[in-house]
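The values are calculated or read from the model by the stated rules, or taken from the named source; none is laboratory data. Here the structure is a predicted model, which means the values were calculated and not measured. Don't worry about glycine lacking a Cβ; one is built from the backbone with ideal geometry, like all the others, and counts go over all protein chains shown. When the accessible area is computed, the model is the full protein with side chains, heavy atoms only, and any ligands, DNA or RNA have been set aside. Shrake-Rupley method; radii C 1.70, N 1.55, O 1.52, S 1.80 Å.
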Amino acid sequence: MVRLKSNLSVNIGKLKLKNPVMTASGTFGYGEEYAGFVDLNKLGAVVVKGLSLNPSRGNPTPRIVETPSGMLNAIGLQNIGIKAFIKDKLPFLKKYDTKVVVNFFGNAVKEYAEAARRLSGESGIHALEMNISCPNKQAGWIAFGTDPKVTFKVVSAVRKATPLPLIVKLSPNVTDIKIMAKAAEDAGADALSVINTITGMSINIKTRRPHLANITGGLSGPAIKPVAVRMVWECYKTASIPIIGMGGIITADDAIEFMLAGAAAVAVGTANFINPKATMDILKGITAFMSKEGINDVKRLIGGVEC
Amino acid sequence: MSKLFLASIKENKEIAGSHYILTLSPLTKTIKPQPGQFFMLSVSNGLDPLLKRPFSIFRVSEKHFQILYRVVGKATEILKNKKAGDVIEALGPLGNGFPRIKPNIKPILIAGGVGVAPLFALAESVKYKKPLFFLGARNKKELLCINELRKIRINPVIATDDGSAGLKGTVVDALSAFLTRHSSLVTRHCIYACGPKAMLRELSFLAGKFNIEAYGAFEENMACGVGACLGCMVNTKDGLRSVCKEGPVFPLGEILW
């Protein structure tokens, strides 16, 4: 039997990935946490935990609670800071033949630009993913990802500060994500990550207290998948830049569904927690699906939904 | 050897109200766990419950390992109904166990409630040192593993909150009374503990007062078990530390309460 080798490579603007399977920021540490389970060389890209200029302590515990087919988290962007990342974590990632995408955030427009500038000077960083959509930040910060004017302003500032491919991670906690997608694109984003977690809350009915110390948190996991697929599809129809789809991807079928909705690549998040080898299982499953369906290029799946 | 493996259930036995011992037989070769380390177990192949749950190691033998658990929620409700022959996925051993006990040091083991699980594992591994064991629970019915401890020739000092067995009060009260009586000997002791956070907190103050080295095994909600999700942090003098990867055992003197 002749087996054609299927083409798995995809492009996120200038960023070329060997396959469409990435990790979602905040669910894969700085790569090394999962290196014992996953051959990082086989990933399309590793997206690291969100970084800021200075280290950040995050929220009090409990930070995590499980909900039906999902989980709420309120980590609060705890991170070691850009300097420690470059010194202690980046050398490890450089040893691998994968793309390193650094997720980052600031607390003001200037901080975003400064963070992007610092990261752009380092070899071994292939793209930046800008977090404007953490649901566990204070009200003023939330505007970065929910007010299109503020989004435009902060993305424009970062665009000027970096020559690297710039991915903007959008919040689902908005009335119309299409407006946010357009604002990010107009400001110079090269790609969109869709979606971040959905704000949620869970209460212990006996103690009458919220399960999370932060009261509310970000919902992830299969519970949010249909919302994420819908938003990817809306962004795909609106924006002309590539989309990285994420939100509750557990299996290869889920990943394919996101690609059909318009995602050029996918990011696996909560699934890593359940099965540390989830990314590899998903990659194998995509290849098997393509072979079974006679699809020789994974790019043919992108936006392939018929409606 | 992969830390992610399938294990077949040999036995799942109720030992006291709502408390069970689960005996697992890994289907592939696994790393031998140390007392204080833990496993994450999947109780369902579906999406609800979604995450694996952490359980500390209770007992290890050549072919099996055992988990002692209390039924507290959805996942443990499902787990208690698992039968011999059922296969579940496990991740582990994870985290760092109790530190090796130095020569000439007499271990004092203190357990509150289901916190006895890792301390029984420790007691078995250091029984030749004839450790002192303080066992506490809310009431007589919830006192666990007395017979198992006696089988390895450890006769625990017992304390219950309601006084239905042993001393009335907490295990920390019982230990405090002991240390006060034997204050001249305390420098040759080291404390190992597991139990509710409030108990570990009281214990850390007590150990500080008598200047005794003390270690506690901690518990926090966690998603991944490998240091990635940053859900299970504790506040220490060295900053935030993850229970799953940098713990679950920490020197109690390092904790900022």
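Tallying residues that are under 30 Å from B:LEU47 (Cα atoms) and either in a strand (DSSP E or B) or more than 14 Å from every other protein chain (Cβ to nearest Cβ) (or both) within the range A:64-97 yields 9.
For the condition more than 8 Å from chain A (Cβ to nearest Cβ), buried (at least 19 other Cβ atoms within 10 Å of the Cβ) and closer than 18 Å to B:VAL114 by Cα, B:PRO196 does not qualify. Examine the range B:129-141 for a residue that is assigned by TED's automatic domain parsing to the domain that holds B:ALA217, open to solvent by less than 40 Å² (accessible area, probe 1.4 Å) and out of contact with any Pro (no Cβ under 7 Å at 6 or more places or on another chain), and state whether such a residue exists. Yes, that holds for at least one residue.
Residue check, B:SER25 against (1) free of Cβ contacts under 8 Å to residues at least 40 places away in the same chain; (2) outside any strand (DSSP E or B); (3) open to solvent by 20 Å² or more (accessible area, probe 1.4 Å), all met but one. Which one? In the conditions (1) free of Cβ contacts under 8 Å to residues at least 40 places away in the same chain; (2) outside any strand (DSSP E or B); (3) open to solvent by 20 Å² or more (accessible area, probe 1.4 Å), B:SER25 misses (2) alone. Sub-7 Å Cβ pairs linking a first residue in the range B:51-65 that is away from every other protein chain (no Cβ under 14 Å) and assigned to a strand (DSSP E or B) to a second residue that is hydroxyl-bearing (Ser, Thr, Tyr) and open to solvent by less than 60 Å² (accessible area, probe 1.4 Å), at least 6 apart or interchain, are B:PHE55/B:TYR69, ordered by first then second residue.
Please determine whether any residue of the range A:90-109 is among the hydroxyl-bearing types (Ser, Thr, Tyr), at pLDDT 95 or above and open to solvent by less than 30 Å² (accessible area, probe 1.4 Å). Yes - at least one qualifying residue is present in the range A:90-109. Being touching a strand residue (DSSP E or B) at 6+ places or on another chain (Cβ under 6 Å) and either of a type in the set (Phe, Trp, Tyr) or under 30 Å from B:ALA214 (Cα atoms) (or both) holds for only one residue in B:LEU27, B:LEU68, B:LEU51, and it is B:LEU68. On the given criteria, is B:GLU246 buried (at least 17 other Cβ atoms within 10 Å of the Cβ), part of a loop (DSSP other than H, G, I, E, B), of a type in the set (Asp, Glu) and outside the structural domain of B:VAL60 (by TED's automatic domain parsing)? Here the answer is yes, as B:GLU246 does meet what is asked. Filtered by the rule that a residue be under 20 Å from B:ASP48 (Cβ atoms), within 16 Å of the chain's Cα centre (by Cα) and assigned to a helix (DSSP H, G or I), the range A:255-281 gives A:THR270, A:ALA271, A:ASN272, A:PHE273, A:ALA278.
Residue-wise test of (1) in contact (Cβ under 8 Å) with a residue 12 or more places away in the chain; (2) more than 14 Å from chain B (Cβ to nearest Cβ); (3) surrounded by 16 or more Cβ atoms within 10 Å (Cβ to Cβ).
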| position | (1), (2), (3) |
| --- | --- |
| A:ASN7 | yes, yes, no |
| A:VAL10 | yes, yes, yes |
| A:LEU17 | yes, yes, yes |
| A:PRO20 | yes, yes, yes |
| A:GLY26 | yes, no, yes |
| A:TYR34 | yes, no, yes |
| A:LYS42 | yes, yes, yes |
| A:ALA45 | yes, yes, yes |
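Once the range B:200-217 is narrowed to residues that are of a type in the set (A, V, I, L, M, F, W, C) and open to solvent by less than 20 Å² (accessible area, probe 1.4 Å), the residue that is nearest to the other protein chains (Cβ to nearest Cβ) is B:LEU200. Among the numbered criteria (1) surrounded by fewer than 21 Cβ atoms within 10 Å (Cβ to Cβ); (2) more than 13 Å from every other protein chain (Cβ to nearest Cβ), which one does B:PHE98 miss? So B:PHE98 meets the others, but not (1). Selection over the range A:217-254 of residues that are touching a helix residue (DSSP H, G or I) at 6+ places or on another chain (Cβ under 6 Å) and either open to solvent by less than 10 Å² (accessible area, probe 1.4 Å) or not in a strand (DSSP E or B) (or both) gives a count of 17. Taken as a whole, the condition of being open to solvent by less than 10 Å² (accessible area, probe 1.4 Å), within 15 Å of B:ARG70 (Cβ to Cβ), of a type in the set (A, V, I, L, M) and out of contact with any Leu (no Cβ under 6 Å at 6 or more places or on another chain) does not apply to B:LEU175. Taking B:GLU246 as the residue in question, decide whether it is within 13 Å of chain A (Cβ to nearest Cβ) and within 16 Å of A:VAL65 (Cβ to Cβ). Considered against the rule, which asks whether it is within 13 Å of chain A (Cβ to nearest Cβ) and within 16 Å of A:VAL65 (Cβ to Cβ), B:GLU246 comes out as no.
Among the charged types (D, E, K, R), at pLDDT 95 or above and buried (at least 21 other Cβ atoms within 10 Å of the Cβ): is that true of B:LYS80 in this structure? In short, no. Assess whether A:LYS206 counts as being surrounded by 15 or more Cβ atoms within 10 Å (Cβ to Cβ), of a type in the set (Lys, Arg) and over 27 Å from A:VAL48 (Cβ atoms). No.
Only residues that are in a helix (DSSP H, G or I), within 23 Å of A:LYS99 (Cα to Cα) and over 18 Å from the mean Cα position of the chain (by Cα): list them for the range A:282-307, please. A:LYS284, A:GLY285, A:ILE286, A:THR287, A:VAL298, A:LYS299, A:ARG300, A:LEU301, listed by residue number. Total residues in the range A:51-63 satisfying the condition of being part of a strand (DSSP E or B) and crowded, with 22+ Cβ neighbours inside 10 Å: the figure is 1.
A:VAL227 fulfils the conditions (1) in contact (Cβ under 8 Å) with a residue 24 or more places away in the chain; (2) more than 16 Å from the chain's Cα centre (by Cα) except for a single criterion, (2). When B:LEU47 is tested against the conditions (1) open to solvent by 60 Å² or more (accessible area, probe 1.4 Å); (2) in contact (Cβ under 8 Å) with a residue 12 or more places away in the chain; (3) within 14 Å of chain A (Cβ to nearest Cβ), the lone failure is (2).
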